[in-house]
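The structure appears right after this line, and notes come after that.
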Amino acid sequence: MNAAGFPLLSLITFLPLVGALIIMSVRGNAEVVARNARWTALWTSLLVFLLSLLLWFGFDRSSADFQFEENVPWLPEYGVGYHMGVDGISVLFVLLSTALTPICVLASWEAIETRVREYMIAFLILETMMVGMFAALDFIVFYVFFEAVLIPMFLIIGIWGGPRRVYAAFKFFLYTLLGSVLMLLAILYIWYHAGTTDIPTLFDTAIPRAAQGWIFFAFLASFAVKVPMWPVHTWLPDAHVEAPTAGSVILAGVLLKMGAYGFLRFSLPLLPEASAEFAPLIFALSVIAVVYTSLVALAQEDMKKLIAYSSVAHMGIVTIGIFTFNAQGLSGALFTMLAHGVVSGALFLCVGVVYDRVHSREIARYGGVANIMPAYGLVFLFFTMASVGLPGLANFVGEFLVIVGAWKVNPWLALGAASGMVLGALYMLYLYRRVAFGKVTKPDLRALLDLSPREYAVFAPLILLTLWMGVYPQSFLEFFEATVANLVARHEAAVALSRLAGVQ
């Protein structure tokens, strides 16, 4: 694809907008419009996913360079261009975005009954923004996609969400937008200093040590909210509870990775000295997030809110891994991000299955569901075990690598990361026991129907992917080994040079 000059990344990025335009052109009565919107969104997202598989098969795992690059001058006099490309850090997140979108469309098939056309358009636009953000290699292009993600997700929560959807949507929007304003100021400073916003060029541009601290905190203001890190995590439970099921899947599966991706893409390579200096702060906030939000999860009575708090804890493990600055920690963080995207998304789908039938997310409303819905009980148990880090399933590999990386920094830090696995087992097994086990005491639960063929189709690829990542993790780890090794080497060299300059 590169040799032929084929713009594969642009095609993957913008093809969903073509599907959105087709849906907008559909005419007829409400039933015809809704049916055509569903099928168009499904086939468009499946086609985008199939095209994105070319990245998997065509990516050179041994190279740390950017691949599938496209570079077109946009504002050449200002050093701004339309530059796209993927490396070992970003390529799998493009695939994660394209894989989850058709699953979300299928999961919304019956759950969304009003304004179906607008809903499917919003999801396709959201897919374009997610893929564009991970593929962007120009700071301005990245920022446009990074912020544009907010708009369709704001609408998905605010229009198709629960009773407090407007409050949750505005809280989500304001939290994430305010932090990004400071990031924009940091980008402008970098542009003023370097004369370009081209990211690969900036990797070879030294930013003055005096400015690195301020830029680091400007980035932190934006990325910490997106992760989300404690204490700026409070928007997430509200957004998850009020969002429709598919909205929660994308929010947990992809959007929470945006902040961690920002740390990996910008904070570490551009600001190595500041990143090393403020790593203890990140460790402290991350350990607090792991322990505190796990304990808060134990106290929840709403299934979605419990899983939302568990996401904060898992992402706390991710940020610990990122700032260890060693190969094990960084690889573990990347793997955990991917595994969490699959497993957490599946857990929200599990909640959506019973919510569609009972219209309640209260844990006390259930009990003995596995007796009535044995297939559902088995699927829910599978993803519960994956979430707590059972060996052989996706989460274990990444979290184990993070603990190894953290141990190299400080054994107490490793203990803080490991506590997340212990506490995770407590709240997830507590949730499963109350929902699935016991006697069926609610008469209306006896009439519940087990998984439908459509729901089997939703869960099947997630189950296979979770097993694949757990049994054969090397097929994923090999994507970021070269890039992580290069990132670690550049970071160590920059920090060593800074220390040498300080001594002299």
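For the stretch 208-215, check the following and say yes or no: at least one residue is modelled with pLDDT of 85 or more, out of contact with any helix residue (DSSP H, G or I) (no Cβ under 6 Å at 6 or more places or on another chain) and either of a type in the set (S, T, N, Q) or buried (at least 21 other Cβ atoms within 10 Å of the Cβ) (or both).
No: zero hits.
Considering only residues that are surrounded by fewer than 18 Cβ atoms within 10 Å (Cβ to Cβ) and either within 18 Å of Ala308 (Cβ to Cβ) or under 24 Å from the mean Cα position of the chain (by Cα) (or both), which ones fall in the stretch 407-428? So that I can check it myself, show each step before the final result.
From the stretch 407-428, those surrounded by fewer than 18 Cβ atoms within 10 Å (Cβ to Cβ) are 408, 410-412, 415, 419, 422, 425-426; that's our starting set.
The answer is Ser419, Val422, Ala425, Leu426.
Being without any contact (Cβ under 8 Å) to a residue 40 or more places away in the chain and part of a loop (DSSP other than H, G, I, E, B) is the filter here; which residues of the stretch 432-484 pass it?
Hits for the stretch 432-484 are Ser452, Tyr472.
Of the residues that sit in the stretch 332-391 and are charged (D, E, K, R) and in a helix (DSSP H, G or I), which one is surrounded by the fewest Cβ atoms within 10 Å (Cβ to Cβ)? Reasoning before the result, please.
If we filter the stretch 332-391 for residues that are charged (D, E, K, R), which is where we start, we get 356-357, 361-362, 365.
Remaining after also requiring in a helix (DSSP H, G or I): 356-357, 365.
Values: Asp356: 14, Arg357: 16, Arg365: 18.
Only one residue tops the list, namely Asp356.
Scan the stretch 485-499 and give yes if some residue there is touching a residue at least 12 places away in the same chain (Cβ under 8 Å) and touching a Lys or Arg at 6+ places or on another chain (Cβ under 7 Å), otherwise no. Talk me through it step by step, then tell me what you get.
Start the filter on the stretch 485-499 by keeping residues that are touching a residue at least 12 places away in the same chain (Cβ under 8 Å), which leaves 485-488, 490-492, 494-495, 498.
From the residues that got through so far, the ones that are touching a Lys or Arg at 6+ places or on another chain (Cβ under 7 Å) too are 498.
There is at least one residue in the stretch 485-499 that is touching a residue at least 12 places away in the same chain (Cβ under 8 Å) and touching a Lys or Arg at 6+ places or on another chain (Cβ under 7 Å).
What's the number of the condition Phe49 fails, among (1) touching a residue at least 24 places away in the same chain (Cβ under 8 Å); (2) closer than 20 Å to Phe142 by Cβ; (3) surrounded by 13 or more Cβ atoms within 10 Å (Cβ to Cβ); (4) not small (Gly, Ala, Ser)?
All conditions are met except number (2).
Quick test of your reading of the structure: Gly398 fulfils all but one of (1) touching a residue at least 60 places away in the same chain (Cβ under 8 Å); (2) out of contact with any Pro (no Cβ under 9 Å at 6 or more places or on another chain); (3) part of a helix (DSSP H, G or I). Name the failing condition by number.
Status for Gly398: all satisfied but (2).
Any idea which residue in the stretch 143-157 is surrounded by the fewest Cβ atoms within 10 Å (Cβ to Cβ), counting only those that are touching a residue at least 40 places away in the same chain (Cβ under 8 Å) and under 16 Å from the mean Cα position of the chain (by Cα)?
Here is the first cut: in the stretch 143-157, the ones touching a residue at least 40 places away in the same chain (Cβ under 8 Å) are 143, 146, 149, 153, 156-157.
Retained after the next criterion (residues that are under 16 Å from the mean Cα position of the chain (by Cα)): 146, 149, 153.
Values: Phe146: 27, Val149: 22, Met153: 26.
Within the stretch 143-157, the match that is surrounded by the fewest Cβ atoms within 10 Å (Cβ to Cβ) is Val149.
The values are calculated or read from the model by the stated rules, or taken from the named source; none is laboratory data. Source: prediction; values computed, not measured. We place every Cβ from the backbone using ideal geometry, glycine too, and count neighbours over all the protein chains shown.
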